[in-house]
Amino acid sequence: MQEIAVLLHNIRSTHNVGSIFRTADAAGVARVYLSGYTPSPTDRFGRAQKDIAKTALGAEDYIPWEHHTSPARLLSKLKKEGWVIVGVEQDARALDYRRFKTQPKTLFILGNEVAGISKELRKKCDALVEIPMHGKKESLNVSVAAGIILFSVR
């Protein structure tokens, strides 16, 4: 059976994080990893983050999640466990997401709303995929991009 996970790195907006949790639940994602300054569903005292809960609508309670300060160790660990790491980012080496074939264990990385995924983090990816843009804007909201990617692999 195919396992899909998501890493949200340096995403600022609690609303985007909540929306991605909700979409990840609907798409059957196994786990959500958070890293950098991405907000967690609970604060350091274990209290629910209201803005995440508002958009996640309880999905944050169903999907296992973990927060890591730095993604590097997490990615090394996941690679040793057989996960294929895929960055969702516009890049010269990125494939059209419709051409990418997921592996039995695939982790998708989604990055900051403005800066995307850093070059250093892209280097740790086994593959990069992008969503072709046809209008004047160069990107989509990160939660919309997550929905497109996660449902395309199902």
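Pairing each residue of the stretch 117-135 that is part of a helix (DSSP H, G or I) with any residue that is among the hydrophobic types (A, V, I, L, M, F, W, C), provided the two are 6+ apart or on different chains, yields C-beta distances under 8 Å for Leu121/Ile109; Arg122/Leu128.
Filtering the stretch 106-153 to residues that are closer than 18 Å to Ser76 by Cβ, surrounded by fewer than 21 Cβ atoms within 10 Å (Cβ to Cβ) and in contact with a Lys or Arg (Cβ under 9 Å, 6 or more places away or on another chain) leaves Arg122, Lys124, Asp126, Ala127. Just a yes or no: is a residue in the stretch 21-32 loosely packed, with under 15 Cβ neighbours inside 10 Å and either under 13 Å from Val142 (Cβ atoms) or at pLDDT below 95 (or both)? No, the conditions are met nowhere in the stretch 21-32. Of the residues that make up the stretch 109-117, is at least one within 28 Å of Thr14 (Cβ to Cβ), in contact with a Pro (Cβ under 8 Å, 6 or more places away or on another chain) and among the β-branched types (Val, Ile, Thr)? Looking for residues that are within 28 Å of Thr14 (Cβ to Cβ), in contact with a Pro (Cβ under 8 Å, 6 or more places away or on another chain) and among the β-branched types (Val, Ile, Thr), one finds at least one in the stretch 109-117, hence yes. Go through the stretch 120-154 and give me each residue that's more than 15 Å from the chain's Cα centre (by Cα) and either under 15 Å from Ile20 (Cα atoms) or hydroxyl-bearing (Ser, Thr, Tyr) (or both). Within the stretch 120-154, Ser139 is the sole residue that qualifies.
When the stretch 58-75 is limited to residues that are modelled with pLDDT of 95 or more and part of a loop (DSSP other than H, G, I, E, B), the one that is surrounded by the fewest Cβ atoms within 10 Å (Cβ to Cβ) turns out to be Pro64.
When each of Leu78, Leu107 is tested for being outside any strand (DSSP E or B) and hydrophobic (A, V, I, L, M, F, W, C), the lone residue that passes is Leu78. Residues that are within 17 Å of Leu57 (Cα to Cα) and part of a loop (DSSP other than H, G, I, E, B) within the stretch 18-41 comprise Ala27, Gly28, Val29, Pro39, Ser40, Pro41, listed in sequence order.
The values are calculated or read from the model by the stated rules, or taken from the named source; none is laboratory data. Small disclaimer: the values here were computed from a predicted structure and weren't measured. A quick note on method: Cβ atoms are made from the backbone with ideal geometry, for glycine too, and the neighbour counts reach across all protein chains shown.
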